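Data block below; observations after.
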Amino acid sequence: MRAILHIDGASRGNPGPAAIGVVIADEDGTVLAQVSEYIGQATNNVAEYKALLRGLKEAERLGAESLLIYGDSQLMIRQMNREYRVRHPGLLPLYNQAQDLVRVFRDVSFVHVPREKNASADELANRALDKMARKETPLTKEALCKGTGMKVTKMSPEIMDTSSEEPKSQRLLSVPQVLLIQAVINPGSELSCHKSDTDTFFHVLSGNGCMVVLEEEIDMKAGETVFVPRHAHHMIKVAGEKPLKVLVGRIPNPEGEEHESVNSD
């Protein structure tokens, strides 16, 4: 039997909460199996490989002998086709596992497609992320605010939900996957962050304060938004006797693992 696989991995934060989506069909288009699964904290590229591994295992379980695999991660597809070397230590074990599983089948082809051509797998991966986001687990809140001195008062699943066609998050930043929390910084306390792996914005809901970003002091007032690029040291101070209430958004990075062409010098 020849099986057609669509695979996708998604990470909100890169690294951040991650999930996989897999669709396996026969040559007539009949869906034989689907996977929509949360996998914990991971980068986009790790999630892509875990989606591939899960797809290969499911195809073997279904008795497939030949595979045509579609994915929208150019990095992973080219690595599996041996066009790119795998140098990142977090990806190499996953790559080796995938190559071992590929040998189980008579023949396997990997084809890169744009995201819109991989929508079924993408939807399954994001469905798992949305389901986890709605649970509002303490771990998710603590992971976002760990070491910041901020108190989480509310997470907003309806804003974080990216399965809807309504452009809720697009109205904020034109970014489809933004992790948002509403937080309170109490008078007399400071928020200091020496390094963040994601771009971040702070939208002031109420109160007053100031932020120091790259040695520049910026006033923070209700209705104003301050953008902080990744890796930039920043510190927030509360002004006055009232808490500073802010909406904090972490913006996903593009896939960041380095890759190297086999044919490059």
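All of the numbers you see were taken from the coordinates with simple rules; none came from a lab. Everything numeric in this text was worked out from a predicted model, so none of it was measured. No Cβ is skipped: glycine too gets one built from the backbone with ideal geometry, and neighbour counts run over all protein chains shown.
Numerical summary
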read-out: Reciprocal of mean inverse Cα separation for the range 2-128 (Kirkwood radius, Å); value: 14.1 Å
read-out: Protection-proxy order for peptides 116-122, 219-225, 184-190, each taking the mean of Cβ atoms within 10 Å per residue, highest first; value: 116-122, 184-190, 219-225
read-out: Linear extension gain, residue 41 paired with residue 112, 0.36 nm per residue minus alpha-carbon span; value: 23.1 nm
read-out: Segments 93-106, 53-66, 2-15, 35-48 sorted - mean Cβ within 10 Å per residue, highest first; value: 2-15, 35-48, 53-66, 93-106
read-out: Two-site FRET efficiency, residue 62 against residue 245, from Cβ-Cβ distance with R₀ of 51 Å, rounded to 0.05; value: 0.50
